[in-house]
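Engineer: I have a structure here, written as structure tokens, and I will follow up with some questions on it.
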Amino acid sequence: MQAANEAMLLVRADLCERLEFLQSRASRLSTRDFTDGVDAIRTIAAAYGLIPVVRLAEALERAVCESGGRCAKSLYLGRLQDAIGCEQLDEQASQAMLASISVRMGG
């Protein structure tokens, strides 16, 4: 059991590093490069059952594509950081995090 916990810590650390890269360069990356980075986070999270991370990454990718890159990336990126550390890995946690973004955006 401890080996599984250690493995998950490594996965979460990798996701945090990828997220930090996106956060630090979000305004300078092309839309394609940004969404490629988000997609990499989503893919890794899906492989390890981190459903809140997957759902937030999907929502961010959709928002970027629909807005031509002019969406509130920082809101999504902040919630992605929360999701990476979240112990609750179900759809209910995902929906709560997505709802918090919606509330902050005023809709």
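Engineer: If I take every Cα pair under 8 Å that is 6 or more residues apart in the chain, average their sequence separation and divide by the length, what percent do I get for the relative contact order?
Structural biologist: On the way: 89 pairs, mean separation 29.5, N = 107.
RCO, the chain: 28 percent.
Engineer: Where is the GNM fluctuation largest for the chain (alpha-carbon springs, 10 angstrom cutoff): GLY37, GLY68, GLY78?
Structural biologist: GLY68
Engineer: Further, regarding this structure: Cα-based Rg (one decimal) and Dmax (whole number) for the chain, in Å?
Structural biologist: In order Rg, Dmax, the Cα atoms of the chain give 13.4, 44 Å.
Engineer: A further question follows. Full extension from VAL103 to CYS65: what is 0.36 nm times the residue separation minus their Cα-Cα distance, to one decimal in nm?
Structural biologist: Working: separation 38, 0.36 × 38 = 13.68 nm, distance 2.06 nm.
Contour length minus the Cα-Cα distance gives 11.6 nm.
Engineer: I want to check the label-to-label distance for LEU75 and GLN95. Put each point 7 Å from Cα in the C-beta direction and report it in nm to one decimal.
Structural biologist: Here the modelled spin labels are 2.0 nm apart.
Engineer: Right, another one. So, with +1 on the Cβ of K and R and -1 on the Cβ of D and E, and no other charges, what is the size of the charge dipole of the chain about its Cα centre, to the nearest 20 debye?
Structural biologist: Numbers: 12 positive and 14 negative charges, 95 e Å.
With Lys and Arg at +1 and Asp and Glu at -1, about 460 debye.
Engineer: Here's a follow-up. Could you put TYR76, TYR48 in order, starting from the residue whose Cβ has the fewest other Cβ atoms within 10 Å?
Structural biologist: Working: TYR76 25, TYR48 16.
The order, fewest Cβ neighbours first, is TYR48, TYR76.
Values quoted throughout were computed directly from the atomic coordinates according to the rules given, and no laboratory measurement underlies them. None of these values were measured; they are calculated from a predicted model. Using ideal geometry, Cβ is built from the backbone for each residue, glycine included, and neighbour counts are taken over all protein chains shown.
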